[in-house]
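Once you've had a glance at the structure underneath, I'll fire off some questions.
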Amino acid sequence: MAGLVLAATLALSAGAGVLPAHAQRRPVSEVGIDAPAVLLRGVARSVAVRCGPLARGTRAIELAVAVGDRTPLVARRTIPGCGPEETFSVTLPSDSPGGRAVVTVRLEDDEGRVLGVGAAETRSIAAFWAFVPPLLAIALALWFRQVIPALVLGVVTGALIRSGFAPLDALLRTLDRDLVGALAEPGDPTKGHLKIVLFTIMLGGMVGLVARSGGAAGLVRAVGRRARTRRSGQFAAWLAGLLVFFDDYANTLVVGPSLRPLTDRLRISREKLAFIVDATAAPVASVAIISTWIGYEVGLIGDAIGQTSLAGTDPYGVFLASLPFRFYAWLMLGFVALVALTGRDFGAMRRVEERAAATGEVLRSGSQPLSRTDALEGSDPAPTGQAIGLALGPIATLTGVTFVALWLTGRAALAASGAEAGRAGFWSVLGSMRMIGEVLGAAASFDALLYGAASGVLVALGVALALRRLSLDGGMRAFVDGCASMMMAVLILTLAWMIGGVCRDLGTAEAAVGLIGEGLPVRLIPASVFVVAGLVSFATGSSWTTMAVLVPVALPLADSLGAGAGLAAADLQRLVVATTGSVLTGAVWGDHCSPLSDTTVMSSLASGCDHVDHVRTQIPYALLVGAVGLLVGDLAVGFGLSPVLGIALGLAGLAGVLFWRGRRVADPPA
């Protein structure tokens, strides 16, 4: 250790221009360091070292972290060659002081000569500070029912913590770093957030055209001849959510506006519609063997299993094997069907349903829906024949173009990388579920959504003009009014992304990962991982971020603990697969409960619902399904229960709760 401390001291002195004699024979280059804004005491955080042109000559990297006057914490790695961006995980001791910290790096060749040095400033803080911004925002939003002020306070609080409680710096960084970064994510060439905003605005314009032309009202009148009860209307919404399975964003933003006129007519509350939309979007996309989630999930699994006993196994095969262990996703899909078919509700959801059924008020008095459609509705419903073209035409175009674009961009990406699914013939790919999954997983999903929305707008305008339901001037006004109806949703979505960026800077996810301990009993691993994944997703508002953080940690941890407990090879592999399912579905569970989640916000806007009302009514249902899945699924499989039996028991338990605590809300008079 004394040698390492001496090396760190030399690194610090090298940064000031004083080098040992053998290092002064050759010039020393400056090395780039990407250190996090803060280092959490007792929590591992990553520091990236950019070797640049020194990569080939470097044989050792030494990292030192000096906190206050304490002796630097040193990490040393001997390597065959430095990559362009080597990453170190640094854990500060739990008794480290808070305040300013300096990260220094030194690169050496195989003879110990110094090639380059660098330094970066950061701060040391206690781990609990990482949880303050998201928990504050969530608590304020639920307490005061005002989501925008709550999110703003959460972002500003996080910026204050990150800046060392320097008010001016915090406010400036909130604008030039957090706000700009939320829309134009640094390091993300796809610009996914910006494309989601554009898609949302264009979708609002399409909905404005469909509504103002009378197509929505005409379609509702036609469909209403079959869906005449509240239960049949809810079941239709659930079924529509299953049909648009290939992408959660497309699912949410297609099903919500399409079914909203029907559910309003049947006196189904907007809160219930938002719940059905939200509860069938991510769950069905996460377990569908053909969806835009596949590439992301399989990629994470492939990287993680290389460090486990499943090394060399096909990642897509592990993905398929993990499907029976996605208890929350399966149980939530089944629970929504049970609620729709029985017509029973409990808690906050029952109260809003009774309000809607008795008075026809699908929105709470004084609520602030994220999208306003009352000013868009046409004065007269279109005839049934015209309504099909006016309403179903744009929706079918949006869905079809999005799917075709997913296919084409996925094939192009795979062809560029030389993958088989990109070179094989059309019918060969269609004949293989595996290759179809690879194509959709490699697709540019955000671009596909943009293409679909733009096509839907053009079809909606063209059909309305052709049928003389709107003039060109009226069509433009309807489009602009529809875009304007989405502005509050865009604002909340941007704020949710901002607080997510603050949480990344503060290391909220890494702090939550620290809850998984090395001494965890093997039988409790799937259940513990599910809970931690839910907490991380709830705090950060992102299921994909949670997956990215936890999958590389949880799978090797499960394999290591299982091997240490002496599990047989088959049992060890089953444990890793079960843990995979627990991580991926736990991320969806926390995302459903979080007011900060982008899909939760989108469900509110697609359904025209007050966001806080949606969260307050959905959380009891999400917690119930999560608890049942945890008990009969993630916990039970640790003790050897079959996952299929666990799902069956879970559905039976949920049905029992509905008949025990739920009450049927009567249909209003015809």
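Got a number for residues in segment 571-589 being hydroxyl-bearing (Ser, Thr, Tyr) and either more than 15 Å from Gln307 (Cα to Cα) or within 13 Å of the chain's Cα centre (by Cα) (or both)? Working first, answer last.
Start the filter on segment 571-589 by keeping residues that are hydroxyl-bearing (Ser, Thr, Tyr), which leaves 579-580, 582, 585.
Filter once more, keeping what is either more than 15 Å from Gln307 (Cα to Cα) or within 13 Å of the chain's Cα centre (by Cα) (or both): 582, 585.
Qualifying residue count, segment 571-589: 2.
Somewhere in segment 447-469, is a residue outside any helix (DSSP H, G or I) and touching a Leu at 6+ places or on another chain (Cβ under 8 Å)?
Within segment 447-469, the first condition is being outside any helix (DSSP H, G or I), and the residues that meet it are 467-469.
If we keep only those that are touching a Leu at 6+ places or on another chain (Cβ under 8 Å) too, we end up with 467, 469.
Scanning segment 447-469, I find at least one residue that is outside any helix (DSSP H, G or I) and touching a Leu at 6+ places or on another chain (Cβ under 8 Å), so the answer is yes.
Take segment 158-190 and flag every residue that is in contact (Cβ under 8 Å) with a residue 12 or more places away in the chain, out of contact with any strand residue (DSSP E or B) (no Cβ under 9 Å at 6 or more places or on another chain) and either of a type in the set (A, V, I, L, M) or surrounded by 20 or more Cβ atoms within 10 Å (Cβ to Cβ) (or both).
Hits for segment 158-190 are Gly158, Ala159, Ala170, Leu171, Arg173, Thr174, Asp178, Leu179, Gly181, Ala182, Leu183.
Would you point out which residue out of Gly662, Gly640 is surrounded by fewer than 24 Cβ atoms within 10 Å (Cβ to Cβ), on the phi > 0 side of the Ramachandran plot, over 26 Å from the mean Cα position of the chain (by Cα) and not β-branched (Val, Ile, Thr)? Working first, answer last.
Details: Gly662 fails: on the phi > 0 side of the Ramachandran plot.
Within the list Gly662, Gly640, the selection yields Gly640.
All but one of (1) crowded, with 21+ Cβ neighbours inside 10 Å; (2) without any contact (Cβ under 8 Å) to a residue 60 or more places away in the chain hold for Leu470, so report the exception by its number.
It is condition (2) that Leu470 fails.
Can you pull out every residue in segment 484-503 that is hydrophobic (A, V, I, L, M, F, W, C), in contact with a Gly (Cβ under 6 Å, 6 or more places away or on another chain) and either under 18 Å from Phe538 (Cβ atoms) or at pLDDT 85 or above (or both)?
Ala496, Ile499, Val502
Give segment 26-35 a look and list any residue that's modelled with pLDDT of 85 or more and either in a strand (DSSP E or B) or farther than 12 Å from Val90 by Cβ (or both), or say none.
Hits for segment 26-35 are Ile33, Asp34.
Tell me, which helices (runs of 4 or more DSSP H) wholly within segment 308-422 include 2 or more residues that are over 30 Å from Leu458 (Cα atoms), modelled with pLDDT of 85 or more and not hydrophobic (A, V, I, L, M, F, W, C)? Step through it out loud before you land on a result.
Numbers: elements: 315-322, 327-342, 347-359, 384-387, 393-417.
Those helices (runs of 4 or more DSSP H) span 327-342, 347-359.
Looking at (1) at pLDDT 90 or above; (2) buried (at least 23 other Cβ atoms within 10 Å of the Cβ), which is the one condition that is false for Thr508?
Unmet condition: (1).
Continuing with this model, one more query. Filter segment 622-634 for residues that are under 20 Å from the mean Cα position of the chain (by Cα) and surrounded by fewer than 24 Cβ atoms within 10 Å (Cβ to Cβ) and give the result.
Of everything in segment 622-634, just one residue is under 20 Å from the mean Cα position of the chain (by Cα) and surrounded by fewer than 24 Cβ atoms within 10 Å (Cβ to Cβ), namely Leu623.
State all residues of segment 390-447 that are β-branched (Val, Ile, Thr) and more than 20 Å from Phe319 (Cβ to Cβ); if no residue qualifies, say none.
Ile395, Thr397, Thr399, Val401, Thr402, Val404, Thr409 - these are the residues of segment 390-447 that are β-branched (Val, Ile, Thr) and more than 20 Å from Phe319 (Cβ to Cβ).
Which of the residues belonging to segment 590-621 are farther than 23 Å from Val207 by Cβ, under 16 Å from the mean Cα position of the chain (by Cα) and hydroxyl-bearing (Ser, Thr, Tyr)?
The one that is farther than 23 Å from Val207 by Cβ, under 16 Å from the mean Cα position of the chain (by Cα) and hydroxyl-bearing (Ser, Thr, Tyr): Ser594.
Every residue in segment 121-156 that is hydrophobic (A, V, I, L, M, F, W, C) and not in a helix (DSSP H, G or I), please.
Across segment 121-156, the qualifying residues are Ile125, Ala126.
Taking the options Val105, Val38, name whichever one is at pLDDT 85 or above and over 19 Å from Val549 (Cα atoms).
The conditions single out Val105.
Can you name every residue in segment 257-307 that is assigned to a loop (DSSP other than H, G, I, E, B) and under 21 Å from the mean Cα position of the chain (by Cα)?
Within segment 257-307, Ala288, Ile289, Ile290, Ser291, Thr292, Trp293 meet the criteria.
The values are calculated or read from the model by the stated rules, or taken from the named source; none is laboratory data. Given the structure is predicted, the values throughout are model-derived calculations rather than measurements. For neighbour counting, all protein chains shown are included, and Cβ atoms are generated from backbone atoms with ideal geometry for every residue, glycine included.
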